[in-house]
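The values are calculated or read from the model by the stated rules, or taken from the named source; none is laboratory data. No experiment lies behind these values; they were computed from the predicted model shown. Neighbour counts run over all protein chains shown; Cβ positions are idealised from the backbone, glycine included.
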Amino acid sequence: MRRILVAGLILASGVLLSASVWGQSSFDIRVRIDPSRGVLTGEQSVVLTNTSTGAWESLLFQWSLSASTKRVEEVSDRGGNPLSVRYIKSEDTLSEGDVFLFEVVLPSPLPSGEETTLRLKFSASGLTQQEDAYLLSDTWYPRLYTSVKGRDTGASDDPAFFNVSLTIPSSFKVAASGKELSRLQEGEGRVRIDYEGELLRGFSLMVSSGWERLVTTTSGVEIQSYFQPEYEHWGKRLAAIASEVIDFYSRKFGSYPYKKLCIVPGSKTEEGGYSTPNIIVVHQSFDKMAADFGVSFALGFSRWLIAHLIASQYWGIYIVDAPPFPPWLTNGLALYSDRSYMESIRFSNPIYYNLLQYYLQAAAEGLNTTVLRPIAELESELPDWENIVAKGKALAIVNMLVHLIGEKEFDRVLIQLLRRYY
């Protein structure tokens, strides 16, 4: 019976986890950032293969960089011939805020199995700055836009190859998703840094002239901790926690998916953080938290937060849910992973109980908490669908599976998922 349940979970995950839409695309990007003026200029070449069954007549791109002005200055084919571009108003899509959509019309339909190359030039001004940094998540360059059964689902997160060349003032520290290959000093106090990234779901760049950096290595993973000088104690502490967490996950899941992890400071007033490929952004509110609730609470929260954000590198970035459904499976697996770490160090955290209560309360009220529903449908019926469904019910489902087949067998399933769906 146990084997049947394990096999069922693996087969079900084939439907719930994302499969490739574009094949193995590649990005070659040259970008220049002028922090003093808040200006970014870039050129990118993207190669992609039509892995669908029909011919492509056009391609959609999404550019979600937070800036006051954005321009796509030129789009051409491999030979440099200009291509027609149609700009799409935000009200025509399900996107909001800083999203910028445009459609590129191909010179002729691209048959299934064929490859094409597009070249784009783009620029932006009025870049949004946070504290003393520009935190450019994997939305600073135009990305392919996908749809499932006619519904827009956002920028493609298929694994891709990246070659990125960044020009920036030499005084700036840079946290990047890829591996640094070389540095070349240029005129006017600037440096060009070349990176490569293999099978990443996006490429993030985060830069600041006010950061210090600490580098450590554990389980074959280089940890780069960036911090403001006044938060050096937390920069060192978070690096030590990350090292401990990666060691734990490497033992639990067999390995860590990447050879690099950057820890970057976020807001000084917010709590929590977020993950992008190979980078976790951690808001710097721990000192205030320690003053308000005690040092022990702040230390416990920092341990849980780092464990959760690193777990999200496995479940949410390395492995992703299939659109248009909410990320309930990867959220549930990330919460299971960080809870396992917290239990290993005998640290209790009420967040797991609280998330379950969101779901149980909604179920008691007779609300529809079905997980396999499009996000737009959930948003219209459950304003707090993220806590109720994508986290609370997700955790309940994972708890049930662990109870049915046991933690050891469940971990074996997760190892197979990591090997199979990337």
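Below is a table of values for the structure above.
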read-out: Residues of the range 190-206 satisfying the condition of being buried (at least 22 other Cβ atoms within 10 Å of the Cβ) and not small (Gly, Ala, Ser); value: LEU200, ARG201, PHE203, LEU205, MET206
read-out: Residue in the range 230-243 that is nearest to ILE345 (Cα to Cα), counting only those that are more than 22 Å from the chain's Cα centre (by Cα) and not hydrophobic (A, V, I, L, M, F, W, C); value: ARG237
read-out: Residues that are buried (at least 23 other Cβ atoms within 10 Å of the Cβ), out of contact with any Ser or Thr (no Cβ under 7 Å at 6 or more places or on another chain), within 17 Å of GLU244 (Cβ to Cβ) and in contact (Cβ under 8 Å) with a residue 40 or more places away in the chain, drawn from the range 288-334; value: ILE306, ALA307, ILE310
read-out: Test result for TYR353, in contact (Cβ under 8 Å) with a residue 40 or more places away in the chain, assigned to a helix (DSSP H, G or I), of a type in the set (Ser, Thr, Tyr) and under 25 Å from ALA307 (Cα atoms); value: no
read-out: Qualifying residue in the range 215-227 (condition: surrounded by 14 or more Cβ atoms within 10 Å (Cβ to Cβ), touching a Pro at 6+ places or on another chain (Cβ under 8 Å), farther than 27 Å from ARG420 by Cα and not assigned by TED's automatic domain parsing to the domain that holds LEU335); value: yes
read-out: Unique residue being under 26 Å from the mean Cα position of the chain (by Cα), outside any helix (DSSP H, G or I) and among the basic types (Lys, Arg) when the list is ARG412, ARG346, ARG373; value: ARG373
read-out: Among residues of the range 163-178, those that are touching a Gly at 6+ places or on another chain (Cβ under 7 Å) and either of a type outside the set (Ser, Thr, Tyr) or under 18 Å from THR276 (Cβ atoms) (or both), counted; value: 4
read-out: Residue in the range 36-49 that is of a type outside the set (Asp, Glu), in contact with a Gly (Cβ under 7 Å, 6 or more places away or on another chain) and at pLDDT below 90 present; value: yes
read-out: Positions within the range 218-229 being more than 12 Å from ALA175 (Cα to Cα), touching a strand residue (DSSP E or B) at 6+ places or on another chain (Cβ under 7 Å) and of a type outside the set (A, V, I, L, M, F, W, C), in sequence order; value: GLU222, GLN228, PRO229
read-out: Scope the range 100-144; condition under 15 Å from ILE33 (Cβ atoms) and buried (at least 20 other Cβ atoms within 10 Å of the Cβ); matching residues; value: PHE122, ALA124, LEU127, ALA133, TYR134, LEU135, LEU136, SER137, TRP140, TYR141
